[in-house]
1. Out of the residues in the stretch 417-451 meeting the condition of being in contact (Cβ under 8 Å) with a residue 60 or more places away in the chain, open to solvent by 40 Å² or more (accessible area, probe 1.4 Å) and assigned to a helix (DSSP H, G or I), tell me which one is farthest from Val524 (Cα to Cα).
2. Quick one: in the stretch 131-170, of everything that is open to solvent by less than 20 Å² (accessible area, probe 1.4 Å), part of a loop (DSSP other than H, G, I, E, B) and not hydrophobic (A, V, I, L, M, F, W, C), which residue is farthest from Trp208 (Cα to Cα)?
3. Would you tally the residues in the stretch 490-524 being farther than 20 Å from Val559 by Cβ and either open to solvent by less than 10 Å² (accessible area, probe 1.4 Å) or aromatic (Phe, Trp, Tyr) (or both)?
4. Within the bounds of the stretch 172-185, is there any residue that is in contact with an Asp or Glu (Cβ under 7 Å, 6 or more places away or on another chain) and outside any helix (DSSP H, G or I)?
5. Since Ile398 meets every condition but one in (1) open to solvent by 40 Å² or more (accessible area, probe 1.4 Å); (2) of a type outside the set (S, T, N, Q); (3) at pLDDT 95 or above, which condition does it not meet?
6. State whether one or more residues within the stretch 210-229 are touching a residue at least 60 places away in the same chain (Cβ under 8 Å), in a helix (DSSP H, G or I) and open to solvent by 50 Å² or more (accessible area, probe 1.4 Å).
7. Considering only residues of the stretch 46-98 that are among the aromatic types (Phe, Trp, Tyr) and part of a loop (DSSP other than H, G, I, E, B), which is nearest to the chain's Cα centre (by Cα)?
8. Kindly indicate whether Arg534 is farther than 24 Å from Phe445 by Cα, touching a Ser or Thr at 6+ places or on another chain (Cβ under 9 Å), assigned to a loop (DSSP other than H, G, I, E, B) and open to solvent by 30 Å² or more (accessible area, probe 1.4 Å).
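The values are calculated or read from the model by the stated rules, or taken from the named source; none is laboratory data. The model shown is predicted, which means the values in this text are computed figures rather than measured ones. For neighbour counting, all protein chains shown are included, and Cβ atoms are generated from backbone atoms with ideal geometry for every residue, glycine included. To get the accessible areas, we keep the full protein, side chains included, count just its heavy atoms, and leave off ligands, DNA and RNA. Shrake-Rupley method; radii C 1.70, N 1.55, O 1.52, S 1.80 Å.
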Amino acid sequence: MTFKFVRLFRWGLGEFLLIIGLVLLINHCLLREKITIKADGQGYYDYLPALFIYGDFPYKSNDSTQEFSDRINQMNFYLDLNGSKINKYPAGVAVLVFPFFNFAHLTALLQGFENDGFSLPYQQAVYYAALFYLLLGLIFLRKLLVFYNISYLVIFLTQLFGVFSTSIINYVNFDPSFSHVYSFFAVTTFLYFLKAWFQTSTIRHLLWAAVFLGLIILIRQVNVIILLFVPFLAGSKEKLTEGVKNVFKNKKAFVAAFALLALIISIQLVLWHVQTGKTFIYSYKGEGFNFLSPAFFSILFSYQKGLFIYTLITFISLFGLSVFVLNKQFYQFYTWVLFFVLLTYVVSSWHSWVYGCSYGSRVYIDFYAVFLILLAILFEKLKSWYRFTLILIALITIPVNIIQTYQYKTFILDWITMNKTKYWTVFLRTEDKYRGLTSKKQYSFNDQTASIIHSDSIQDIVVDTGMMQDLYTESSARVKQFESINIIQVSFDHSFPSQQTARMELNIRDSLTNETYYYHQHPVIHYVEKGLGRWQTGLFNYDFAPIGSQNYCKIKLLVFTKQEPLEIKNLKIKYIAYRP
């Protein structure tokens, strides 16, 4: 029975169970995303429609009057470069997605959709591509962990945490056109074949390692840093030396490996040459690394995007280093730590260490295998009682991660400006009233940027349960220079309990035609400034374009209570002309 169980896992049972579980989670809890090609992902993907549908892929021409299609001109990831246009993103994702894109292209019309590269079949194709490469990545993770004498049960647990305790969920469902799942597959598979080379010195392993190194570079060039993990993979100085010597000892194998590597990298070089006439290009114009001021601590521990805050399982994996220390495997300890430090130094030196809108620190997804090796070793080597305790602790990270993934998808977690107060204000909250709370816009009010044109104060009031009540009504006739006002700031004192369900509305309407110039309604808790459950002065800035109506306007502030009364003290209204 045990033998049959092990054999089933060798055939991929564990990976298929995880993928099925992930699909069920997406379909029934997180809600499957219909638009999968967006933001940065559209840049990675657009090689395919540009080359195979629209035929408008930019190319270098000697004609100084060269024009590009309106479609290309509207895409902000096609950058101007000396009169040429270049897609700033690498082509590796497009190469991997191509079979799925091709299937969608062949069947879109049969399904009743346009062959435009972006209709529903194409969106679904990218989702299925992400699932497929995640499946392959998990399979090669299992094969890699076998080299470390990890039992199949521990391997399955490690894979479970790798999927459900990390950002991978988000980058399969919400952002599958981004590069990270594909990089996870390429990096993990490269590590497997390179580890196999050090273990067996089999030529095919070396050749496949070269192929996947080329793919790593084709997907995202900076990920070539994974080569610094080679000493750890070797296992010792002696094996590292022996493995490197064996590469050069067989000249035919070395040449073949180099040729395969160059062939795959040449895909990008050819595309660059087509676009610009130059073979080697730095395509991230105006963006780069600042190695003198890395955000080393922030990228690991910040509430904004910290790896160990949003992907706690990676922090738990670090305890696996203690196994190396206790077993006096200091070479393994130092080589892993050195790679981690160098990796973090490089990725935190990027000019925008938060890497734009993302759930957690997405830049580490590509290298999750590095952490999962440690996690598997930790689970395997711990004594039974300690292992059981640690696994229970680790299991908590699964629901936390799933809830936070849902929060990110539904705008409860802000995509870029999270901080400690915001994080704990919405921690594990999923109700609709929390949507947009952490994204409340902040303003820099000072004498140079803001002028208070008019202000009013309203007496304290208690609004009974189930009531709709006018709090404030004003005519623009009484507000000087109303046409210059673009912010109405409302503030009041309240305790802001988390169970508060009342909603506040501000509307501005034409006094004669009743035409609505501005309308905004949101939960009262969106006024909070210092976290829920404490007495404070909360405020909200209602931001709108200046209203130039020839008629007077009526400004009205209303409140709607539901399940509990609402006490409002020191209500103040300020009319502000804001010039950022």
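1. Among those residues, the one meeting the criterion is Lys420.
2. Per the criteria, the residue is Ser165.
3. 2
4. yes
5. Condition (1) is where Ile398 drops out.
6. yes
7. Ranking the candidates gives Tyr89 first.
8. yes
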